[in-house]
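This report refers to the structure that appears directly beneath it.
The values are calculated or read from the model by the stated rules, or taken from the named source; none is laboratory data. Because the structure is predicted, anything quoted here is derived from the model rather than measured. Every residue, glycine among them, receives a Cβ derived from its backbone with ideal geometry; neighbour counts consider all protein chains shown. Each accessible area value is taken on the protein alone, full model and side chains, heavy atoms only, with ligands, DNA and RNA left out. Shrake-Rupley method; radii C 1.70, N 1.55, O 1.52, S 1.80 Å.
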Amino acid sequence: MKNFCSVHTHSTMCDGKNTLAEMARAAYEAGAVSFGASGHSHTPIPEDEGGVLPADMTAYRAEVLRLREEYAGRMDVLLGIELDNRADVTAEGFDYWIGSVHRLRGPDGVDCTVDWDAETLGRCLREAFHGDSGEMAARYYEEVRQMAARKPDILGHIDLITKFNEDGSFFDEAGPGYRAAALEALHAAGPKETLLEINTGAMSRGYRSVPYPALFLLREWRDMGGRIILTADAHSAAAVVYGYAQAAALAQAAGFDRSTLLTRRGREERPLDI
(Lines give C-alpha, C1' and ligand atoms only; values in the text may rest on other atoms or scores of the structure.)
Protein backbone atom coordinates (compact mmCIF):
# COMPACT_ATOMS: atom_id res chain seq x y z
CA MET A 1 0.00 0.00 0.00
CA LYS A 2 1.26 3.49 -0.84
CA ASN A 3 1.83 5.42 2.37
CA PHE A 4 2.83 8.91 1.26
CA CYS A 5 1.61 11.99 -0.53
CA SER A 6 3.27 15.17 -1.81
CA VAL A 7 1.18 18.20 -0.92
CA HIS A 8 3.72 20.95 -0.15
CA THR A 9 4.98 21.84 -3.62
CA HIS A 10 5.91 24.90 -5.64
CA SER A 11 5.97 25.39 -9.39
CA THR A 12 7.00 28.00 -11.93
CA MET A 13 3.77 29.78 -11.05
CA CYS A 14 5.60 31.00 -7.94
CA ASP A 15 9.24 30.25 -7.08
CA GLY A 16 9.58 26.65 -8.26
CA LYS A 17 11.76 25.32 -11.07
CA ASN A 18 9.21 23.08 -12.84
CA THR A 19 5.69 23.50 -14.17
CA LEU A 20 2.70 22.16 -12.28
CA ALA A 21 2.35 19.43 -14.90
CA GLU A 22 5.96 18.38 -14.39
CA MET A 23 5.55 18.38 -10.62
CA ALA A 24 2.40 16.26 -10.82
CA ARG A 25 4.06 13.79 -13.18
CA ALA A 26 7.03 13.43 -10.81
CA ALA A 27 4.71 12.76 -7.86
CA TYR A 28 2.80 10.16 -9.85
CA GLU A 29 5.98 8.42 -10.99
CA ALA A 30 7.26 8.40 -7.40
CA GLY A 31 4.10 6.53 -6.35
CA ALA A 32 2.38 9.27 -4.34
CA VAL A 33 -1.24 8.69 -3.36
CA SER A 34 -1.93 12.37 -3.94
CA PHE A 35 -0.26 15.47 -5.29
CA GLY A 36 -1.13 18.88 -3.93
CA ALA A 37 -0.18 22.20 -5.48
CA SER A 38 0.49 24.74 -2.73
CA GLY A 39 1.74 27.88 -4.41
CA HIS A 40 3.02 30.74 -2.27
CA SER A 41 0.20 33.18 -1.64
CA HIS A 42 0.33 36.70 -2.97
CA THR A 43 1.54 39.40 -0.57
CA PRO A 44 1.54 43.20 -0.87
CA ILE A 45 5.35 43.24 -0.61
CA PRO A 46 6.82 44.49 -3.93
CA GLU A 47 9.97 42.35 -3.79
CA ASP A 48 7.81 39.22 -3.62
CA GLU A 49 6.43 39.75 -7.13
CA GLY A 50 7.55 36.91 -9.37
CA GLY A 51 8.12 34.56 -6.47
CA VAL A 52 4.51 34.25 -5.34
CA LEU A 53 1.20 33.57 -7.04
CA PRO A 54 -0.57 36.56 -8.59
CA ALA A 55 -3.46 38.03 -6.63
CA ASP A 56 -5.75 36.72 -9.38
CA MET A 57 -5.31 32.96 -9.05
CA THR A 58 -7.67 31.99 -11.88
CA ALA A 59 -4.96 30.44 -14.05
CA TYR A 60 -3.46 28.58 -11.10
CA ARG A 61 -6.81 27.09 -10.11
CA ALA A 62 -7.61 26.14 -13.70
CA GLU A 63 -4.33 24.28 -14.20
CA VAL A 64 -4.65 22.32 -10.97
CA LEU A 65 -8.21 21.32 -11.85
CA ARG A 66 -7.06 20.30 -15.33
CA LEU A 67 -4.44 18.05 -13.75
CA ARG A 68 -7.10 16.62 -11.44
CA GLU A 69 -9.00 15.44 -14.50
CA GLU A 70 -5.85 14.15 -16.18
CA TYR A 71 -4.94 11.95 -13.20
CA ALA A 72 -8.46 10.94 -12.21
CA GLY A 73 -8.48 7.31 -11.08
CA ARG A 74 -4.67 7.20 -10.86
CA MET A 75 -3.64 9.86 -8.34
CA ASP A 76 -5.60 12.46 -6.39
CA VAL A 77 -4.75 16.06 -7.29
CA LEU A 78 -5.55 18.68 -4.67
CA LEU A 79 -5.82 22.45 -4.93
CA GLY A 80 -3.88 24.00 -2.07
CA ILE A 81 -2.15 27.22 -1.13
CA GLU A 82 0.66 28.15 1.24
CA LEU A 83 -0.71 31.19 3.00
CA ASP A 84 2.06 33.50 4.20
CA ASN A 85 1.75 35.54 7.38
CA ARG A 86 1.82 38.66 5.18
CA ALA A 87 -0.70 37.35 2.62
CA ASP A 88 -3.32 39.69 1.19
CA VAL A 89 -5.49 36.83 -0.14
CA THR A 90 -7.48 34.10 1.63
CA ALA A 91 -7.66 30.31 1.43
CA GLU A 92 -11.34 30.34 0.54
CA GLY A 93 -12.20 27.79 -2.13
CA PHE A 94 -9.08 25.67 -1.69
CA ASP A 95 -8.96 21.99 -0.71
CA TYR A 96 -6.44 22.77 2.02
CA TRP A 97 -4.07 25.48 3.16
CA ILE A 98 -0.63 25.53 4.70
CA GLY A 99 -0.06 28.29 7.23
CA SER A 100 3.55 29.50 7.16
CA VAL A 101 5.65 32.32 8.55
CA HIS A 102 8.50 33.53 6.35
CA ARG A 103 8.90 36.98 7.89
CA LEU A 104 9.09 38.61 11.25
CA ARG A 105 8.55 42.25 12.03
CA GLY A 106 11.41 43.90 13.85
CA PRO A 107 11.08 46.55 16.57
CA ASP A 108 11.56 49.16 13.85
CA GLY A 109 8.40 47.93 12.11
CA VAL A 110 10.31 46.57 9.11
CA ASP A 111 9.83 42.97 8.01
CA CYS A 112 12.82 40.61 7.89
CA THR A 113 12.75 37.47 5.73
CA VAL A 114 14.08 34.57 7.80
CA ASP A 115 14.72 31.98 5.07
CA TRP A 116 16.22 33.92 2.18
CA ASP A 117 19.89 33.40 3.02
CA ALA A 118 22.21 33.46 6.03
CA GLU A 119 23.43 36.96 5.21
CA THR A 120 19.91 38.38 5.25
CA LEU A 121 19.12 36.66 8.54
CA GLY A 122 22.36 37.94 10.05
CA ARG A 123 21.67 41.49 8.90
CA CYS A 124 18.20 41.30 10.43
CA LEU A 125 19.68 40.12 13.73
CA ARG A 126 22.27 42.90 13.79
CA GLU A 127 20.24 45.80 12.49
CA ALA A 128 16.68 45.14 13.66
CA PHE A 129 17.41 43.29 16.90
CA HIS A 130 20.85 44.73 17.79
CA GLY A 131 22.31 41.24 18.09
CA ASP A 132 19.67 40.00 20.57
CA SER A 133 18.96 36.52 19.20
CA GLY A 134 16.56 35.75 22.02
CA GLU A 135 14.36 38.69 21.12
CA MET A 136 14.55 37.80 17.45
CA ALA A 137 13.44 34.21 18.12
CA ALA A 138 10.66 35.42 20.43
CA ARG A 139 9.35 37.78 17.73
CA TYR A 140 9.44 35.03 15.13
CA TYR A 141 7.58 32.53 17.30
CA GLU A 142 4.97 35.13 18.15
CA GLU A 143 4.23 35.33 14.42
CA VAL A 144 4.06 31.52 14.33
CA ARG A 145 1.75 31.50 17.36
CA GLN A 146 -0.64 33.83 15.59
CA MET A 147 -0.60 31.66 12.46
CA ALA A 148 -1.07 28.44 14.47
CA ALA A 149 -4.07 29.96 16.25
CA ARG A 150 -5.79 30.32 12.86
CA LYS A 151 -5.91 26.49 12.69
CA PRO A 152 -4.43 25.89 9.24
CA ASP A 153 -4.83 22.45 7.74
CA ILE A 154 -1.03 22.13 7.87
CA LEU A 155 1.31 24.21 10.00
CA GLY A 156 4.31 24.83 7.76
CA HIS A 157 7.96 24.48 8.83
CA ILE A 158 7.25 25.76 12.34
CA ASP A 159 10.94 26.41 13.11
CA LEU A 160 11.96 27.83 9.73
CA ILE A 161 14.07 30.40 11.55
CA THR A 162 16.61 27.60 12.17
CA LYS A 163 17.22 27.06 8.45
CA PHE A 164 20.77 28.48 8.66
CA ASN A 165 21.45 27.57 12.28
CA GLU A 166 22.78 24.02 12.20
CA ASP A 167 26.09 25.32 13.53
CA GLY A 168 24.33 27.32 16.27
CA SER A 169 25.64 30.63 14.95
CA PHE A 170 22.32 32.46 15.32
CA PHE A 171 20.40 30.80 18.18
CA ASP A 172 20.93 28.42 21.05
CA GLU A 173 18.14 26.00 20.19
CA ALA A 174 18.62 24.19 23.48
CA GLY A 175 18.27 27.38 25.50
CA PRO A 176 15.23 27.68 27.79
CA GLY A 177 14.08 30.99 26.31
CA TYR A 178 14.23 29.72 22.75
CA ARG A 179 12.39 26.51 23.61
CA ALA A 180 9.75 28.30 25.65
CA ALA A 181 8.94 30.60 22.73
CA ALA A 182 8.77 27.70 20.27
CA LEU A 183 6.56 25.62 22.56
CA GLU A 184 4.20 28.52 23.19
CA ALA A 185 3.72 28.83 19.43
CA LEU A 186 3.12 25.09 19.10
CA HIS A 187 0.57 25.11 21.93
CA ALA A 188 -1.55 27.61 19.98
CA ALA A 189 -2.13 25.00 17.27
CA GLY A 190 -5.19 22.76 17.32
CA PRO A 191 -4.25 19.07 17.36
CA LYS A 192 -7.67 18.11 16.03
CA GLU A 193 -7.68 20.64 13.19
CA THR A 194 -4.03 21.03 12.18
CA LEU A 195 -1.37 18.66 10.92
CA LEU A 196 2.24 19.44 11.83
CA GLU A 197 4.48 18.86 8.85
CA ILE A 198 7.84 17.13 8.92
CA ASN A 199 9.43 19.10 6.12
CA THR A 200 12.53 18.07 4.14
CA GLY A 201 12.67 21.10 1.86
CA ALA A 202 15.84 22.65 3.28
CA MET A 203 17.56 19.26 3.02
CA SER A 204 16.90 18.92 -0.71
CA ARG A 205 18.32 22.40 -1.28
CA GLY A 206 21.45 21.71 0.77
CA TYR A 207 20.78 23.99 3.75
CA ARG A 208 20.08 21.37 6.42
CA SER A 209 20.98 17.76 7.13
CA VAL A 210 17.78 17.02 9.07
CA PRO A 211 14.09 17.90 8.51
CA TYR A 212 12.05 20.52 10.30
CA PRO A 213 10.92 20.56 13.09
CA ALA A 214 13.22 19.86 16.03
CA LEU A 215 12.67 16.62 17.92
CA PHE A 216 11.52 18.38 21.11
CA LEU A 217 8.68 20.02 19.19
CA LEU A 218 7.61 16.75 17.61
CA ARG A 219 7.58 15.01 20.98
CA GLU A 220 5.47 17.78 22.47
CA TRP A 221 3.06 17.57 19.54
CA ARG A 222 2.73 13.82 20.08
CA ASP A 223 1.96 14.44 23.75
CA MET A 224 -0.68 16.98 22.68
CA GLY A 225 -2.37 14.28 20.61
CA GLY A 226 -1.40 15.91 17.34
CA ARG A 227 -0.89 14.24 13.98
CA ILE A 228 1.86 14.67 11.41
CA ILE A 229 2.26 14.76 7.65
CA LEU A 230 5.45 14.21 5.67
CA THR A 231 6.18 16.95 3.13
CA ALA A 232 9.04 17.79 0.80
CA ASP A 233 8.33 21.51 0.33
CA ALA A 234 9.46 20.68 -3.18
CA HIS A 235 10.60 23.47 -5.48
CA SER A 236 11.61 21.04 -8.23
CA ALA A 237 10.28 17.83 -9.72
CA ALA A 238 13.33 15.94 -8.49
CA ALA A 239 12.44 16.75 -4.87
CA VAL A 240 8.72 15.83 -4.69
CA VAL A 241 9.30 13.12 -2.06
CA TYR A 242 12.87 13.97 -1.08
CA GLY A 243 14.10 12.59 2.25
CA TYR A 244 10.84 10.90 3.25
CA ALA A 245 12.65 7.94 4.81
CA GLN A 246 14.60 10.33 7.04
CA ALA A 247 11.42 12.24 7.88
CA ALA A 248 9.72 8.98 8.84
CA ALA A 249 12.68 8.05 11.05
CA LEU A 250 12.44 11.41 12.83
CA ALA A 251 8.72 10.86 13.37
CA GLN A 252 9.39 7.44 14.85
CA ALA A 253 12.05 8.89 17.15
CA ALA A 254 9.36 11.26 18.45
CA GLY A 255 7.01 8.35 19.13
CA PHE A 256 4.78 8.40 16.04
CA ASP A 257 3.95 5.23 14.16
CA ARG A 258 1.59 6.76 11.59
CA SER A 259 1.40 9.79 9.35
CA THR A 260 -1.54 11.48 7.68
CA LEU A 261 -2.21 11.70 3.96
CA LEU A 262 -4.43 14.31 2.31
CA THR A 263 -6.70 12.80 -0.33
CA ARG A 264 -9.87 13.74 -2.20
CA ARG A 265 -11.73 11.62 0.38
CA GLY A 266 -10.23 13.53 3.29
CA ARG A 267 -7.46 12.68 5.74
CA GLU A 268 -6.18 9.12 5.90
CA GLU A 269 -3.85 7.64 8.49
CA ARG A 270 -1.18 5.31 7.18
CA PRO A 271 1.74 3.45 8.83
CA LEU A 272 5.14 5.15 8.72
CA ASP A 273 6.38 2.60 6.21
CA ILE A 274 8.14 4.52 3.47
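Among the cysteines of the chain, Cys5, Cys14 have no other cysteine beta carbon within less than 4.7 Å of their own. Positive-end ranking of Gly168, Leu218, Ala30 along the dipole of the chain, with charges on Cβ about the Cα centre, is headed by Ala30.
In debye to the nearest 20, how big a dipole does the chain give about its Cα centre with +1 on each Lys and Arg Cβ and -1 on each Asp and Glu Cβ? Don't jump to the answer; show the numbers that get you there.
Values: 29 positive and 42 negative charges, 188 e Å.
The dipole magnitude comes to about 900 debye.
Phi angles across the range 121-134 convert, under the Karplus curve 6.51 cos²θ - 1.76 cosθ + 1.60 with θ = phi - 60°, into 3J(HN,Hα) values of 5, x, 5, 4, 4, 6, 8, 8, 10, 6, x, 8, 5, x Hz, Gly and Pro given as x. Per residue, the average separation of C-alpha pairs within less than 8 Å and at least 6 apart gives the chain a relative contact order of 19 percent.
Label 7 Å along Cα→Cβ of Val110; the range 129-144 residues with amide nitrogen under 19 Å? Within reach of a label on Val110: 129-133, 135-137, 139-140. Free of any GluC sites (Glu not before Pro) that DSSP assigns to a loop and that have at most 14 other C-beta atoms within 10 Å, the longest stretch within the chain is 194-274.
For the range 137-209, what % of the accessible area comes from carbon and sulfur atoms, probe 1.4 Å?
47
Comparing Val144, Val210, Val240 in a Gaussian network model of the chain where C-alpha atoms under 10 Å apart are linked, the largest mean-square fluctuation is found at Val210.
Charges at C-beta only: +1 for Lys and Arg, -1 for Asp and Glu. How large is the resulting dipole of the range 6-126 about its Cα centre, in Debye rounded to 20?
Numbers: 11 positive and 21 negative charges, 42 e Å.
Dipole size: approximately 200 debye.
Considering only Ser204, Ala254, Val89, the residue lying farthest towards the positive end of the dipole of the chain is Ala254, judged by Cα position with unit charges set on Cβ.
The trypsin sites (Lys or Arg not before Pro) of the range 184-246 meeting both criteria, a DSSP state outside H, G, I, E and B (loop) and at most 15 other C-beta atoms within 10 angstrom of the site's C-beta, are Lys192, Arg205. Computed in the context of the full set of protein chains, the accessible area of the range 1-70 at 1.4 Å probe radius has 54% of its extent on carbon or sulfur.
Multiplying the residue separation of Leu65 and Glu127 by 0.36 nm and subtracting their alpha-carbon distance yields 17.8 nm. For Lys163, Lys2, the ranking by accessible surface with the largest value first comes to Lys2, Lys163, using a 1.4 Å probe. Computed with every protein chain present, the accessible area of Phe216 is close to 40 Å² [probe 1.4 Å]. When both bridge partners sit in the chain, DSSP labels roughly 30% of those beta bridges antiparallel. Adding -39500 (n - 2.57) for every DSSP H run of four residues or longer, then dividing by how many residues the chain holds, sets the calculated 222 nm ellipticity at -9500 deg cm²/dmol. Straight-line reach from Lys2: taking Cα to Cα under 28 Å and skipping same-chain neighbours fewer than 8 places apart, the lysines in range are Lys17, Lys151, Lys192.
Could you do me a favour and compute the accessible area per residue for the range 128-226, 1.4 Å probe, result in Å²? The partial results should precede the final answer.
Details: 3850 Å² over 99 residues.
Accessible area per residue: 39 Å².
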